[in-house]
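A.B. asks: Sending over a structure as structure tokens; questions will come in a sec.
The values are calculated or read from the model by the stated rules, or taken from the named source; none is laboratory data. Note that the structure is predicted; figures quoted are calculated from it, not measured. A quick note on method: Cβ atoms are made from the backbone with ideal geometry, for glycine too, and the neighbour counts reach across all protein chains shown.
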Amino acid sequence: MDTTSMLQVSNLTVQFGSLKAVNNVSFEIQRGEIFALIGPNGAGKTTAFNAISGLLFPQAGQIVFKGTDITKLMPHKRCKLGMARTFQVVRAFNYMTVEDVVRVGAYNRQGEDTVAAKVDQMIELCGLGEVRQRVCGDLGLATLRRVELARALATEPELLLLDESGAGLNTAELASFMDLLRKINREQNITLCIVEHLMQMVMGLSQRIVVLDSGEVIATGTPHEISNNQKVIEAYLGKRVTQC
Amino acid sequence: MTETAIQGIITGVLMGMIYALIALGISIIFGVMNVVNFAHGDFVMFSMYLSYVLGTALVWDAVQTPLLTFPILLIFGLIVYYLIIDRTLRQLYVVQLAATVGLQIMMRAAALVIWRGQPRALQYSFIQGNFEIFGFQVLTSRFVAAVISLIFIAAVAYFMNKTWAGAAMRAASDDLDAATLMGVNYHRTYALTFALGSALTAIAGGLLMSFQQTDPVGGIRFGFLSWCVLALAGLGSIPGLIAAGAIVGVAESLQVTFFNPQGRLLAVYAIFILVLWLKPRGLFGRK
Amino acid sequence: MKRPKLLNSKNIAILVVLAIAIVLPLFLRTNQYVLFLATTVLLYAVLASAWNIIGGMAGQLDLGAAAYVGLGAFTTGTLLIRFNLTPWVGMFIGALLAMGIATLIGIPLFGFKVKEVWYALSSSALVEVFRAIFMMWNKVGGPTERYLPFSAEGPRSWYLMRFNTYVPYFYIMLALLVVVFIINHRIRYSKLGYSLLALGEDEDAVEVLGVDSRLCKLKALMIYSFVAGLVGGVYGCIYGYLHPSFFSTDMSLEVVILGIVGGMGVTYGPLLAAIFLVSFREYLRASLSGMFPGKGLEGLYLMVYALILIVVALFQPRGIAPLIKRGFLKLKSFVGVK
């Protein structure tokens, strides 16, 4: 077994009817790195994410997490193994308070007697101390992104999947959010896999990038390599430029 | 034995077309708005009473009454949409469901109060008697009802596929945000959808009154039967809906013919549960 | 946040209410009608509190309460009639049976991710189906009432759980209510409670947080059906006969209304709702029966119920409990207590 490998995705295919949303995609995430999955709208990033976290099952392919084949595993069991994720459209629990939401995640590894301490720790880490008694439905997007992050971290993952978690944040919020992610990656040694639209975030954070277009991998490499890759510029960056 | 069975199947298939028509209403509302109207069956019951009232007052035939009950139900649907549904769209799912459960209880209770819970039937019908196919008796009124149901199912399918309003409804169901951006006012589209889905029960109600009586608790039965049809058919397939209607109609009819009529819903429930177990979420449609 | 201590100011208030409830029958001994009403209120409060676990916390619109009540009643009653088994034991067998059937239905239902409207439909159909089955099953049910044996006095009366006064039933229901409250309270501030509340809002989001949503829902359903079965056992004894009409859609609906109007996820909400609504229903029944003979009366109280349900769903979706809480706090500051 390869000990440096956190997640191996091989030949992943997800189909909706006749549409192949993800087609024969393979990539590998190394332990400890910040990895990015990018691509234009509808490239299949979120679909791939859902397959990895278990919210849908792929038609073909294999997903290996820390040496275990998890392709057919239920989402909650993947979480027990050490995988957590956030959602593109924030899915906080609108009627629950921030600390209760974090608590749901913290129960993943903590018993009744230690859970409160874990919640406190996560709330402090994500800077949510002032809003901990507030109900999520009353909070703004930037705060909710942090709540989502806090509850995912509370499950004590080794691999954290972040789905467009920079979307909708302003420059200042984004910068502080990125700092937080770096801190998590460095200090807690959590491997990050980010799906992103925002080039600023991808280029600033990630060490390795996989580019998807129409469900297929079109490039792999470091941020520098990707930004100079002709195919990527055509398929993704180019399109965006002409759009503007 | 076989003859009784075939007789039962014929009756069931004819009945099933009306169920399909009722289920089409649910299907449009559920498919486009992702809103569940628990009271849909009671809309049918309400339409039947309306048909009874109008048919008695105007000495009309039951199948004529939808000329009046259709617009009434259309307006009723609009009122219900703006009064209840529109306000619960962003609510927790249980609460949204509960609001229409409230509507269901309300309508049933109203029927109990107004008509004292007594079954009512129309006396006049120019569609009389029965005819024979290969030696089997077919009640003309049921046959006519089935044919009219099919015509309306086809008409609604055409409307959804070929007209701008239909396209707007489908757009709203595919991607609410995108549809709003493209100038589709989703409140209005939703209202129209809900009203149309509701008004279809007027036709079903009129047809049912041509050979059946109505009573306040019938609404629960129609609601359950048509949800069962929808569970079998899934969203979006018109032939599937018709086939599912036939299956449910036949199951109910055979249960009544061969077993205890008291348990007329047992066979349907069995199908419903089996479908729920064997057809996991993907097959319910796009959701 | 830690689970609140069992003896804080709020719970002292609850204890006061409980004390009043305990002595209430002493003053009402002669008024059987009011005692019956109070027992009915408690019965519905127990059912609605149990529903709170599956409906209020887990967000599953369960319309099957009467199915479990009926199963409990028929099991308890039949065991008494056939085998002379005391309802004190029979009600637990009935509850276990109700729970067993709920589990048998729940495992595949939750396993295949049947939820939302489909769950609501399947649970409401359950009531109708059991009524049909018991209507046809002549050995146990059938269209005529089966009367339970009765003894007016002495230990035999206790053995049969059949009394000529409502006082014992009142205390049985009160005891059940206290038990259900404690269960509710314990679940609410435990892993299961937090998980249920979260999955009631978003099942996928809670799954990726390591919560086995199927198992949680199944646990909720099991607790709920067990309590409903238990209530059913007593229900049969209160009425003194068994009849398939026990599988009543109206009862299921009433339980849901109480649960939602009372406040979803709030322990004491359903009791408040039951006190107001069930008394109101009985008041209507008593005062209007002269004016509206026949079935119309049933319609009237249903109409009021439905109206309240719709209004609460539209304007106060968290139920009346938060309103009461606010009123309570105002009262506190008015009186000057900190």
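A.B. asks: Does region C:138-157 include one or more residues that are of a type in the set (Phe, Trp, Tyr) and either within 14 Å of chain B (Cβ to nearest Cβ) or assigned to a helix (DSSP H, G or I) (or both)?
C.D. replies: no
A.B. asks: Shifting gears a bit: Filter region C:50-69 down to the residues that are more than 10 Å from chain B (Cβ to nearest Cβ) and over 13 Å from the mean Cα position of the chain (by Cα) and list them by number.
C.D. replies: Of everything in region C:50-69, just one residue is more than 10 Å from chain B (Cβ to nearest Cβ) and over 13 Å from the mean Cα position of the chain (by Cα), namely C:MET57.
A.B. asks: I would also like to ask the following. Could you grab me the full set of residues in region B:200-218 that are crowded, with 24+ Cβ neighbours inside 10 Å and part of a helix (DSSP H, G or I)?
C.D. replies: B:LEU200, B:THR201, B:ALA202, B:ILE203, B:ALA204, B:GLY205, B:GLY206, B:LEU207, B:LEU208, B:MET209
A.B. asks: Just checking, which of A:SER206, A:SER176 is among the hydroxyl-bearing types (Ser, Thr, Tyr) and in the same structural domain as A:SER53 (by TED's automatic domain parsing)?
C.D. replies: On inspection, the qualifying residue turns out to be A:SER206.
A.B. asks: Would you check which residues across region C:106-125 are hydrophobic (A, V, I, L, M, F, W, C), assigned to a helix (DSSP H, G or I) and within 8 Å of chain B (Cβ to nearest Cβ) and list them?
C.D. replies: Result: C:LEU109, C:VAL117, C:TRP118, C:ALA120, C:LEU121, C:ALA125.
A.B. asks: Can we say C:TYR268 is more than 12 Å from the chain's Cα centre (by Cα) and either within 24 Å of A:VAL104 (Cβ to Cβ) or within 14 Å of chain A (Cβ to nearest Cβ) (or both)?
C.D. replies: yes
A.B. asks: Within the group C:VAL206, C:VAL227, C:VAL256, C:VAL234, which residue is within 14 Å of chain A (Cβ to nearest Cβ) and either surrounded by 24 or more Cβ atoms within 10 Å (Cβ to Cβ) or not in a helix (DSSP H, G or I) (or both)?
C.D. replies: Of C:VAL206, C:VAL227, C:VAL256, C:VAL234, the one residue that is within 14 Å of chain A (Cβ to nearest Cβ) and either surrounded by 24 or more Cβ atoms within 10 Å (Cβ to Cβ) or not in a helix (DSSP H, G or I) (or both) is C:VAL206.
A.B. asks: Now a separate question. Of the numbered conditions (1) more than 30 Å from A:THR47 (Cα to Cα); (2) in the same structural domain as A:VAL64 (by TED's automatic domain parsing), A:GLU130 fails exactly one; give the number of that condition.
C.D. replies: With respect to (1) more than 30 Å from A:THR47 (Cα to Cα); (2) in the same structural domain as A:VAL64 (by TED's automatic domain parsing), A:GLU130 is out only on (2).
A.B. asks: Could you identify the single residue in C:LYS191, C:LYS217 that is within 14 Å of another protein chain (Cβ to nearest Cβ), surrounded by fewer than 24 Cβ atoms within 10 Å (Cβ to Cβ) and at pLDDT 90 or above?
C.D. replies: Sole residue among the options that is within 14 Å of another protein chain (Cβ to nearest Cβ), surrounded by fewer than 24 Cβ atoms within 10 Å (Cβ to Cβ) and at pLDDT 90 or above: C:LYS191.
A.B. asks: Look through A:PHE16, A:PHE93 and report the one residue that is within 14 Å of another protein chain (Cβ to nearest Cβ) and surrounded by 23 or more Cβ atoms within 10 Å (Cβ to Cβ).
C.D. replies: Selected residue: A:PHE93, the only one of A:PHE16, A:PHE93 that is within 14 Å of another protein chain (Cβ to nearest Cβ) and surrounded by 23 or more Cβ atoms within 10 Å (Cβ to Cβ).
A.B. asks: Taking the residues in region B:231-275 that are part of a helix (DSSP H, G or I), modelled with pLDDT under 75 and in contact with a helix residue (DSSP H, G or I) (Cβ under 6 Å, 6 or more places away or on another chain) as candidates, determine which candidate is surrounded by the most Cβ atoms within 10 Å (Cβ to Cβ).
C.D. replies: B:GLY263
A.B. asks: Right, something else. With under 30 Å from A:LYS77 (Cβ atoms), away from chain C (no Cβ under 14 Å), of a type in the set (D, E, K, R) and not in a loop (DSSP other than H, G, I, E, B) as the only criterion, which of A:ARG151, A:ARG182 stands out?
C.D. replies: Going through A:ARG151, A:ARG182 in turn, just one is under 30 Å from A:LYS77 (Cβ atoms), away from chain C (no Cβ under 14 Å), of a type in the set (D, E, K, R) and not in a loop (DSSP other than H, G, I, E, B): A:ARG182.
A.B. asks: Output yes when any residue across region B:35-56 is at pLDDT 85 or above, surrounded by fewer than 18 Cβ atoms within 10 Å (Cβ to Cβ) and more than 10 Å from every other protein chain (Cβ to nearest Cβ), and no when none is.
C.D. replies: Yes, that holds for at least one residue.
A.B. asks: Among the residues of region A:109-138, how many are over 22 Å from A:HIS76 (Cβ atoms) and buried (at least 19 other Cβ atoms within 10 Å of the Cβ)?
C.D. replies: Here the count works out to 5.
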